[in-house]
Amino acid sequence: MSVKILMPALSPTMTEGVLQKWLVKIGDQVKAGDVIAEIETDKATMELETVDEGKITSLLVTEGSEGVAVNTPIAILNGSENEKIDNTKKDEPKNQNNQENQEKEKIFEKTEPKKNIKNFDKNKTNNKFASPYSKKFARDNNIDLTNIQGSGPNGRIIKRDLKLDKFISSTEYKSIEPSSMRKIIAERTTATKNSVPHFYLTIESNVDKLLKLRKNINDQYNDKVSINDILVKALAIAQKNNPKTNVSWHNGKIIQYSSVDISIAVALDEGLITPIIKNADIKGLLEISQDSKTLIKKAKEGKLNPDDYNGGTISISNLGMYGINEFSAIINPPQSSILAVGAIQKIPKVINDDIKIINIMKSTLSADHRVLDGAIAAQMLKEFNDIIENPFDLWLQSKDMEII
């Protein structure tokens, strides 16, 4: 008895596919689990396995055929011409709505592809003869397919033809081998973004008092303190006061840390690195400032030790010096959060019915939802905001400087 092999639905949304390649020929014996064809959708190319055993007697769809509808017969096992016709008839409901099925039967008798399958015209050289994936990739990346020589069946453009070194766009380019650091950054950020469920919280802070504090400190001490140094200290205090945020997710367990170690993002030519200011919650502003300068210098000279950048309990990334008002950062594993700080801006604000010019700064916390919920993360961000808006507590907790 003959068995029809149908075009499978390889995804819940798939309605048609491309029979990219037959891996068997008429007369071949196959058994359940044998791969007989490659089927391509707009998302992937997948192998088609047979679930029955027998002899391939008909291949109803030619290689490279596009628009093959799901559940359309594409091959027949253990069939003969007569059996094929008889089985097709038996499977048809006998009513007036069977005109389409009767047309299919005639097509199968002639062992020709189904009408709605778009066969390749060998004289056709326009860019439409390409796989669904290739067409989508070309649209998304503004690639002209006209001059690309396809390596698929009958010259069809497929995924491998669209690699960077396979085509030349309208703009000149060169292929650059990334540094080891860039490769690691690419791998880690991709893995983190795909595996860590991020959520984001943004707060706007009045930093008038913070700017005044910094000016007073720098007027009194030779070692100049940066805005970022003060933010590091404020973030350390906020995390210390919210120990539920001083955690990470590791192998299905929640790791609770006892120290507060702040990673600071340092931009290098090769990429980004995050050296750590350890025990930042118990260090004074001057000590944090000195540690920061030392770590940044070592980072730019390539002299950081692994102990200088491995670990950390939370990171801070500041792009304010580039005029960036607000952004979101990717969490730095194994940490569970990172604070992205924007530029300080002057804006008008109504205070006690008067319009005043104030300095504001936006901070966005990216948090790992596996270990942090919105309320817990928001509480820490709110405390960070309160500290930088009223930084007197920073003076009290900076034991390396006098109250000024």
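The values are calculated or read from the model by the stated rules, or taken from the named source; none is laboratory data. No experiment lies behind these values; they were computed from the predicted model shown. Methodologically, a virtual Cβ is constructed for each residue, glycine included, from the backbone with ideal geometry; neighbour enumeration extends over all protein chains shown.
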message: Of all residues being among the hydrophobic types (A, V, I, L, M, F, W, C) and in contact with a strand residue (DSSP E or B) (Cβ under 8 Å, 6 or more places away or on another chain) in the range 279-298, which is surrounded by the fewest Cβ atoms within 10 Å (Cβ to Cβ)? Just the residue, please.
response: Ile296
- line: For the range 195-213, the count of residues that are in contact with a Ser or Thr (Cβ under 8 Å, 6 or more places away or on another chain) and farther than 17 Å from Lys346 by Cα equals 5
query: If you scan the range 350-390, which residues turn out to be modelled with pLDDT under 95 and under 15 Å from Leu235 (Cα atoms)?
result: Asn390
- prompt: Among Leu319, Leu339, Leu235, which is the only one that is modelled with pLDDT of 95 or more, farther than 20 Å from Met181 by Cβ and under 22 Å from the mean Cα position of the chain (by Cα)?
  reply: Leu339
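Every residue, every condition in (1) loosely packed, with under 14 Cβ neighbours inside 10 Å; (2) more than 17 Å from Pro243 (Cα to Cα); (3) out of contact with any helix residue (DSSP H, G or I) (no Cβ under 8 Å at 6 or more places or on another chain); (4) assigned by TED's automatic domain parsing to the domain that holds Gly252, yes or no:
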| site | (1), (2), (3), (4) |
| --- | --- |
| Lys300 | no, yes, yes, yes |
| Ile330 | no, yes, no, yes |
| Gln335 | no, no, yes, yes |
| Val341 | no, yes, no, yes |
| Ile355 | yes, yes, yes, yes |
| Asp373 | yes, no, yes, yes |
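Within the range 26-46, how many residues turn out to be on the phi < 0 side of the Ramachandran plot, loosely packed, with under 12 Cβ neighbours inside 10 Å and modelled with pLDDT under 90? Talk me through it step by step, then tell me what you get.
Applying the first criterion (on the phi < 0 side of the Ramachandran plot) to the range 26-46 yields 26, 28-32, 34-46.
Filter once more, so that each one left must be loosely packed, with under 12 Cβ neighbours inside 10 Å: 29, 31-32, 44.
This time we only want the ones that are modelled with pLDDT under 90, so: 31-32, 44.
Count: 3.
Does Ala191 satisfy being surrounded by 15 or more Cβ atoms within 10 Å (Cβ to Cβ) and at pLDDT 85 or above?
Values: surrounded by 15 or more Cβ atoms within 10 Å (Cβ to Cβ): no; at pLDDT 85 or above: yes.
In short, no.
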query: For Lys283, all conditions in the list (1) modelled with pLDDT under 95; (2) more than 17 Å from Asn228 (Cα to Cα) hold save one; what is the number of the exception?
result: (2)
query: What number goes with the only condition from (1) in contact with a strand residue (DSSP E or B) (Cβ under 7 Å, 6 or more places away or on another chain); (2) assigned to a helix (DSSP H, G or I) that Ser248 does not pass?
result: (2)
- prompt: Do we have any residue at all in the range 302-313 that's surrounded by fewer than 21 Cβ atoms within 10 Å (Cβ to Cβ), touching a strand residue (DSSP E or B) at 6+ places or on another chain (Cβ under 7 Å) and in contact (Cβ under 8 Å) with a residue 40 or more places away in the chain?
  reply: yes
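State yes or no: is Pro333 at negative phi and without any contact (Cβ under 8 Å) to a residue 24 or more places away in the chain? Reasoning before the result, please.
Working: at negative phi: yes; without any contact (Cβ under 8 Å) to a residue 24 or more places away in the chain: no.
So Pro333 fails the test.
Per-residue answers, yes or no, for (1) part of a strand (DSSP E or B); (2) outside the structural domain of Tyr309 (by TED's automatic domain parsing); (3) farther than 22 Å from Ala299 by Cα:
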{"position": "Ile203", "(1), (2), (3)": "yes, no, yes"}
{"position": "Lys215", "(1), (2), (3)": "no, no, yes"}
{"position": "Asn218", "(1), (2), (3)": "no, no, yes"}
{"position": "Ile230", "(1), (2), (3)": "no, no, no"}
{"position": "Ala234", "(1), (2), (3)": "no, no, yes"}
{"position": "Ile282", "(1), (2), (3)": "no, no, yes"}
field: Which numbered condition Lys399 misses (of (1) free of Cβ contacts under 8 Å to residues at least 60 places away in the same chain; (2) closer than 27 Å to Gly284 by Cα; (3) over 23 Å from the mean Cα position of the chain (by Cα))
entry: (1)
- request: For Ile347, state whether it is over 18 Å from Tyr200 (Cα atoms), crowded, with 17+ Cβ neighbours inside 10 Å and over 21 Å from the mean Cα position of the chain (by Cα).
  value: no
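Please work out if Ala265 is in the same structural domain as Gln345 (by TED's automatic domain parsing) and crowded, with 16+ Cβ neighbours inside 10 Å. Before the answer, list the steps.
Values: in the same structural domain as Gln345 (by TED's automatic domain parsing): yes; crowded, with 16+ Cβ neighbours inside 10 Å: yes.
The answer is yes for Ala265.
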